[in-house]
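Structure below; questions to follow.
The values are calculated or read from the model by the stated rules, or taken from the named source; none is laboratory data. This one's a predicted model, so the numbers in the text were calculated from it and none came from an experiment. Glycine also receives a Cβ, built like all others from the backbone with ideal geometry; neighbour counts cover every protein chain displayed. Remember, those area values only see protein heavy atoms, side chains included, never the ligands or the DNA or RNA. Shrake-Rupley method; radii C 1.70, N 1.55, O 1.52, S 1.80 Å.
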Amino acid sequence: MEKRVVLFLILSLLIIVGYDYLLKELGWLPPGPEAEKSRPADQSGLPSVAVEDRQVPKVEPSPIDTAVASGQAEAGSRRPVTTHVASKEQLVTLSTPLIRATFTTRGASLRSWDLQRYTAKNLDELRPVQLVHSGAQFQGPLTLSFPDQAIGHEVASGLYEVEQDFDVLDARHPVGQLVFRYRSDPKGVTVEKRLTFRHDSYLVDVQLTVDGATGAMDVGLGTNFGIVEWGEGFIGLLGAAMSVDGKVEKEMPDALWERQSGVRWVALQDKYFLSVLVPSQPAAAVVKKEGDKLVSAALRLQAPAGKGPIAFQLYAGPKEFDTLKALNIGLEDTIDFGWFIFGSWSVVKTVAKPLFYVLRFLYDFTHNYGVSIILLTCAIKILFVPLQYKSYRSMKQMQTIQPQVAALQTKYKDDRDRLNKELIKLYREKRVNPVGGCLPMVLQMPVFVALFNILYMTIDLRQAPFVLWITDLSVADPYYALPLVMGVTMVIQQKITPTTMDPTQAKIMLILPAFMTFLFITFPAGLVLYWLTNNVLTIAQQIITERYVAWRGITQNVGSGAEAGAS
């Protein structure tokens, strides 16, 4: 039984971890959008962004001050409205404490969207995370088009007039508007896009007014908008997602993925970031595969016959659980806490969310996610002490009767039915449960997988320092210290764990720590820290159990069982 469990665990690790390593680390995949984003900023025609603070802290968005919101927001403490006439393409830049965005008057679409509080390495330099995918062949986010009308291309690529009443938003000037207008004189079509920004939110309110055109019109998210790094990670699904009739659907289309109605929002996402279009009323949506690791999405709305505006919202930012949950539209479900072996399990998700709350509760006191991970691992270990004791006790009992088991296997090697009967008889006489060592492991598995998901998926660990050289728990240890120490603890743990294997098999199993160390070198430091802490606690627990509890109780039980059998 134990050999099968060990083999299962090894094969599971190979499937779960090896897949990602072979594809991503050995270069079997072509470079994704992040490689294209690493080009210098001056090649894109946009102004470069200077980062004064290389370690940009993550700060929760602050609420709008009540007095400011009620007074200045409406009174208009903004700079005078500036109108740019549509004679040639111009770039319009605006910023808030959270984002820095650049729009183009050609198509009134986004050219860049920097997240001020999150950084990424770009040409050996830390710069704000850029959510807009570069590529002249792709339409930018918020492009309006009419797929079934001749006016569609003209509206999508025409020059718009723009009015801007702010450059920078802050607590003193919390709200600002950017308005784009387009008119096609020959066809009598007019379009107005009115965007409202707030200084403390990634959410943008959009009002779209169309006159002179009817039928279907697409408001696009663009291509890979919100996908900063496309890696086929072994947790969750990257690419497109929709909320349809209250259920989140995640899918990477082969060519086209369309929903005719009931779409509450449509999104493009990676592990840490996403962009979302949220209509005021359930609508239709379409997702297209544009190429390898390239996907676009759009809301499909109906152009009104009159001049009434169509309202929707754009969210483009991090997958911060509280921020997404506060929107109250189910966007927090894009953080897949329930993933386990190429699927999402409700039992894992049920366990993961409370653990996530506990981790953040600990962080509120420690202000260090590394310390919080250690404390949470200790708490979980203490919680499972009874199960761990039963598992250890059962394995020790099996080790004690192993010579008798081996003798029966030799004696009845040609008669499997008789062997099974004799083994059952032996287990009853010795009061040993052969699966007693496996069952506690199975019961603990959802907790371990849930914590694994939390440490791998949540953005809270991104840019979160621990100690000394570990300045970001979401990336691998640059000096491999944590994985190497973890490998040593695995060897120690194997040495002191009771086993029914023969010496040759036990030596072969020493390959497992080396294999795990090799894989964990590429894992986030926070995840390795959890595994290392768990190993150290397991070693301590086994030593205490061996010396003060287990052996005395096992000797008494096995001895009394033998006496009962003799009598």
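Could you size up the charge dipole of the stretch 362-501 around its Cα centre, putting +1 on the beta carbon of Lys and Arg and -1 on that of Asp and Glu, and report it in debye to the nearest 20? Mind showing how you got there, number by number?
On the way: 15 positive and 9 negative charges, 202 e Å.
In total the dipole reaches around 980 debye.
In square nanometres, what is the average projected area of the Cα convex hull of the stretch 141-291?
Numbers: hull surface 43.1 nm².
Averaged projected hull area, Cα only: 10.8 nm².
Also: Apply the Karplus parameterisation 6.51 cos²θ - 1.76 cosθ + 1.60, with θ equal to phi minus 60°, to every residue of the stretch 195-212 and state each ³J(HN,Hα) to the nearest whole Hz, in sequence, with x for glycine and proline.
Once θ is set to phi - 60°, the couplings for the stretch 195-212 become 10, 10, 10, 10, 5, 10, 9, 7, 8, 10, 7, 10, 10, 10, 10, 10, 10, x Hz.
List the pair-distance distribution P(r) of the stretch 340-410, using every Cα-Cα distance, as the percent of pairs falling in each 5 Å bin from 0 up to the bin containing the longest distance, rounded to whole percents.
Taking all Cα pairs of the stretch 340-410, the binned fractions are 3, 13, 13, 13, 13, 13, 9, 8, 7, 4, 3, 1 percent.
Work the Kirkwood hydrodynamic radius out for the stretch 352-474: mean of 1/r over every pair of different alpha-carbon atoms, inverted, in Å. Spell out each step's value before the answer.
On the way: mean 1/r = 0.0565 Å⁻¹.
Hydrodynamic radius (Kirkwood, Cα pairs) of the stretch 352-474 is 17.7 Å.
Which entries in the list Lys88/Lys288; Lys88/Lys187; Lys193/Lys247; Lys250/Lys325; Lys381/Lys421 go over 28 Å, if you measure between the two C-alpha atoms of each?
Values: Lys88/Lys288 31 Å; Lys88/Lys187 21 Å; Lys193/Lys247 30 Å; Lys250/Lys325 18 Å; Lys381/Lys421 37 Å.
Correct reply: Lys88/Lys288; Lys193/Lys247; Lys381/Lys421.
Full-extension gain between Lys187 and Leu256, please, as 0.36 nm times their residue separation minus the C-alpha to C-alpha distance. Walk me through the intermediate numbers first.
Details: separation 69, 0.36 × 69 = 24.84 nm, distance 3.08 nm.
Additional length available on full extension: 21.8 nm.
If you don't mind, another one. Mind checking the full-extension length gain between Lys353 and Leu484? Use 0.36 nm per residue of separation minus the Cα-Cα distance, one decimal, nm.
On the way: separation 131, 0.36 × 131 = 47.16 nm, distance 3.03 nm.
Taking 0.36 nm per residue and subtracting the Cα distance, the gain is 44.1 nm.
I've got another one for you. Of Val351, Val475, which has the most accessible area and how do the rest follow, probe 1.4 Å?
Values: Val351 40, Val475 70 Å².
Putting Val351, Val475 in descending order of accessible area: Val475, Val351.
Considering just Cα atoms, how many Å³ per residue does the convex hull of the stretch 132-222 enclose? The partial results should precede the final answer.
On the way: hull volume 10.2 nm³, N = 91.
Dividing the Cα hull volume of the stretch 132-222 by its residues yields 112 Å³.
Next up: I'd like to know which of Gly158, Pro97, Gln139 lies farthest towards the positive end of the charge dipole of the stretch 92-197, counting +1 on Cβ of Lys and Arg and -1 on Cβ of Asp and Glu.
Of the listed residues, the answer is Pro97.
For His133, what residues show an amide H to amide H distance below 5 Å, using hydrogens built from the backbone and excluding near sequence neighbours?
Phe225, Gly226
May I pose another question? I need the peptides 196-206, 270-280, 418-428 ranked by packing, meaning the mean over residues of other C-beta atoms within 10 angstrom, with the highest value on top.
Working: 196-206: 19.7, 270-280: 22.8, 418-428: 14.4.
Peptide ranking by packing, descending: 270-280, 196-206, 418-428.
Given labels modelled 7 Å from the Cα in the Cβ direction, how far is it in nm from Leu383 to Ile543?
Placing both labels 7 Å along Cα→Cβ, they lie 2.6 nm apart.
Fully extended, how many nm does the chain gain between Asp148 and Val447 (0.36 nm per residue separation, minus their Cα-Cα distance)? Don't skip to the end; give the middle numbers.
Numbers: separation 299, 0.36 × 299 = 107.64 nm, distance 5.13 nm.
Stretched fully, the Asp148-Val447 segment lengthens by 102.5 nm.
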